[in-house]
Amino acid sequence: MRYFKFSIFFLFVMVSISSCKDDKKVIKQTEVDFTKEGELTITKTTSDSTKVKLDIEIAKTDYEIQTGLMYRNTMAKNQGMLFVFDDVRERSFYMKNTRIPLDLIFIDDNKTIVSFQKNAKPLAESSLPSNASAKYVLEVNAGRVEAWRLGVGDSIDYIE
């Protein structure tokens, strides 16, 4: 009887182990959807007129800043993400887990554009430095800086 109980138990364990091996877990990365949290305008210094209006998501918390636009497959032309930092200093970004090519616009505490990183490659982990002190960083689809003919000295304003 004891041998029979042990055999049944052993058989149960073996079936359980083999069924675990057969179960293939598929982890599906869900895409993050755009959530409008504000509006941003870019004004050209040369003409003092509003050049661009965007719907923006705003990254303020450490988690939002670290995640940014990761895990997105698309972003509309009139959308972007504005990173808001507590301090003003040189910044450095990278494209890890970011699937769409981006232009990065670095902005100082006076809301003046100080530099760009254009056409950042998806999934690249190389550093994309601001090369100037910045309080804000605006990420938009690659090619938008050229299309909008933005320049250092242009300014932004936003509302939440």
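The values are calculated or read from the model by the stated rules, or taken from the named source; none is laboratory data. The model shown is predicted, which means the values in this text are computed figures rather than measured ones. A quick note on method: Cβ atoms are made from the backbone with ideal geometry, for glycine too, and the neighbour counts reach across all protein chains shown. SASA here: full protein model, heavy atoms, side chains in, ligands and nucleic acids out. Shrake-Rupley method; radii C 1.70, N 1.55, O 1.52, S 1.80 Å.
The residues listed here are Thr112, Thr35, Thr98; of these, the one that is surrounded by fewer than 11 Cβ atoms within 10 Å (Cβ to Cβ) and of a type in the set (Val, Ile, Thr) is Thr35. Candidates are the residues of the stretch 129-149 that are open to solvent by less than 20 Å² (accessible area, probe 1.4 Å) and not hydroxyl-bearing (Ser, Thr, Tyr); the one that is farthest from Val52 (Cα to Cα) is Ala134. Looking at the structure I just gave you, is Thr61 out of contact with any Pro (no Cβ under 8 Å at 6 or more places or on another chain) and either within 20 Å of Trp148 (Cα to Cα) or of a type in the set (S, T, N, Q) (or both)? Answer is yes for this residue. Number of residues in the stretch 62-80 that are open to solvent by 60 Å² or more (accessible area, probe 1.4 Å) and under 16 Å from Leu40 (Cα atoms) equals 2.
Would you pick out the residues in the stretch 118-140 that are more than 12 Å from Ile100 (Cβ to Cβ), free of Cβ contacts under 8 Å to residues at least 40 places away in the same chain and among the basic types (Lys, Arg)? Lys118 - this is the single residue of the stretch 118-140 that is more than 12 Å from Ile100 (Cβ to Cβ), free of Cβ contacts under 8 Å to residues at least 40 places away in the same chain and among the basic types (Lys, Arg). Please work out which one of (1) assigned to a loop (DSSP other than H, G, I, E, B); (2) more than 20 Å from Glu37 (Cα to Cα) is the condition Arg89 fails and give its number. Evaluating Arg89 over (1) assigned to a loop (DSSP other than H, G, I, E, B); (2) more than 20 Å from Glu37 (Cα to Cα) leaves (1) as the failure.
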